[in-house]
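Enquirer: Quick one: this structure, given as structure tokens, is what I'll be asking you about.
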Amino acid sequence: NAGVMQNPRHLVRRRGQEARLRCSPMKGHSHVYWYRQLPEEGLKFMVYLQKENIIDESGMPKERFSAEFPKEGPSILRIQQVVRGDSAAYFCASSPRGYEQYFGPGTRLTVT
Amino acid sequence: GQNIDQPTEMTATEGAIVQINCTYQTSGFNGLFWYQQHAGEAPTFLSYNVLDGLEEKGRFSSFLSRSKGYSYLLLKELQMKDSASYLCAVRRNNAGNMLTFGGGTRLMVKP
């Protein structure tokens, strides 16, 4: 059973471009969580999704950020018009029933 | 809101025992998790406590006191590979099961 997959592992974007981060949960997991980790800081919750539904997006910035988890395919975290402050590691975690969460390897976004 | 506190850094010697503390203030507490994170890697699950007491798993043990809002992670027979950040995270029962993390404790194991 493959673990949580995230791609790309590293992403470089210029200011103003769009960033798309993908997350494929573990097989059989229907709960997906996105977290952001700034350098030397802890993980901060962003959004919690189940298939085709956003359950909790209280940690998402109000503008430029969106997330989806379609019926088919990976969950996508989309950041429009990136700024330098968006540079961080973005981790996705999946869970079979909202119990323990298994983390993917993360996507390290660098905005130049 | 929530407040989760843990020391920023700790240093210990190979072969020794180290205890990493975590205190929290939250409503609707529904479990406390410990994760290990090596630099540049994903957090990996270590332990989960929802009831008071000690959970032992090999060289690692985790303790919880809900009345005191306190947990610790105990690492025995330290190895160099245990050098990592240790993240304490709290789950609330009214928060869609998402986790709120402390800032992490960076543990350095020295020979």
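Enquirer: Per residue in segment B:64-111, which ones lose no less than 40 Å² of accessible surface when going from chain alone to all protein chains (1.4 Å probe)?
Expert: In segment B:64-111, residues shielded by partner chains: B:Gly96, B:Asn97, B:Met98, B:Leu99, B:Phe101.
Enquirer: Considering the convex hull of the alpha carbon atoms of segment A:30-112, report its projected area averaged over all viewing directions, in nm², one decimal.
Expert: Details: hull surface 22.7 nm².
Its average projected convex-hull area is 5.7 nm².
Enquirer: Round to a whole number: what % of the accessible area of segment B:1-104 belongs to carbon and sulfur, probe 1.4 Å?
Expert: Percent of accessible area from carbon and sulfur atoms in segment B:1-104: 46.
Enquirer: Can I ask one more? Of all DSSP beta bridges located in the protein assembly as shown, what percent are antiparallel, nearest 5?
Expert: 90 percent
Enquirer: For the protein assembly as shown, what are the per-bin percents of Cα-Cα distances with bins 5 Å wide, up to the bin holding the maximum?
Expert: 1, 7, 15, 18, 18, 16, 12, 7, 4, 1, 0
Enquirer: Need the full-extension length gain, A:Lys62 to A:Val12, defined as separation in residues times 0.36 nm minus the C-alpha distance. One decimal, nm.
Expert: 15.7 nm
Enquirer: Loop sites only, by DSSP: take the GluC sites (Glu not before Pro) in chain B that have at most 15 other C-beta atoms within 10 Å and name the longest stretch containing none of them.
Expert: No qualifying site falls inside B:42-76, the longest such stretch.
Enquirer: Further question: Note the count of lysine pairs whose C-alpha atoms are less than 14 angstrom apart in the protein assembly as shown, limited to pairs 8 or more residues apart or on different chains.
Expert: 5
Enquirer: Ok, one more. Skip the ligands, DNA and RNA, and give the accessible area per residue of the protein assembly as shown with a 1.4 Å probe, whole Å².
Expert: On a per-residue basis, the protein assembly as shown sits at 49 Å².
Enquirer: What does the charge count around A:Gln50 come to, taking other residues whose C-beta lies under 13 Å from its C-beta (Lys +1, Arg +1, Asp -1, Glu -1)?
Expert: Once positives and negatives cancel, what remains is -1.
Enquirer: So how much accessible surface do A and B hide from each other in total, probe 1.4 Å, in square angstrom to the nearest 100?
Expert: Numbers: alone 6500 and 5970 Å², together 10920 Å².
Result for this pair: about 1600 Å² buried.
Enquirer: For segment A:1-63, run through the trypsin sites (Lys or Arg not before Pro) and keep only the ones in DSSP coil with at most 16 other Cβ atoms within 10 Å of their Cβ. Write down the numbers at each step before the final one.
Expert: Numbers: sites: A:Arg9, A:Arg13, A:Arg14, A:Arg15, A:Arg20, A:Arg22, A:Lys27, A:Arg36, A:Lys44, A:Lys51, A:Lys62; in loops: A:Arg9, A:Arg14, A:Arg15, A:Lys27, A:Lys51, A:Lys62.
Passing both the DSSP loop test and the Cβ count: A:Arg9, A:Arg14, A:Arg15, A:Lys27, A:Lys51, A:Lys62.
Enquirer: Find the Cα radius of gyration of segment B:1-108, compare it with 2.2 N^0.38 Å by division, and give the number to two decimals.
Expert: So the Cα radius of gyration is 1.02 times the expected 2.2 N^0.38 Å.
Enquirer: Within a Cβ distance under 11 Å of B:Phe29, other residues only, what is the Lys/Arg minus Asp/Glu net charge?
Expert: +3
The values are calculated or read from the model by the stated rules, or taken from the named source; none is laboratory data. What you see is a predicted model, and the numbers here were worked out from it, not measured in a lab. Using ideal geometry, Cβ is built from the backbone for each residue, glycine included, and neighbour counts are taken over all protein chains shown. Ligands, DNA and RNA are stripped out before the accessible areas are found, and what is left, the full protein with its side chains, is counted by its heavy atoms. Shrake-Rupley method; radii C 1.70, N 1.55, O 1.52, S 1.80 Å.
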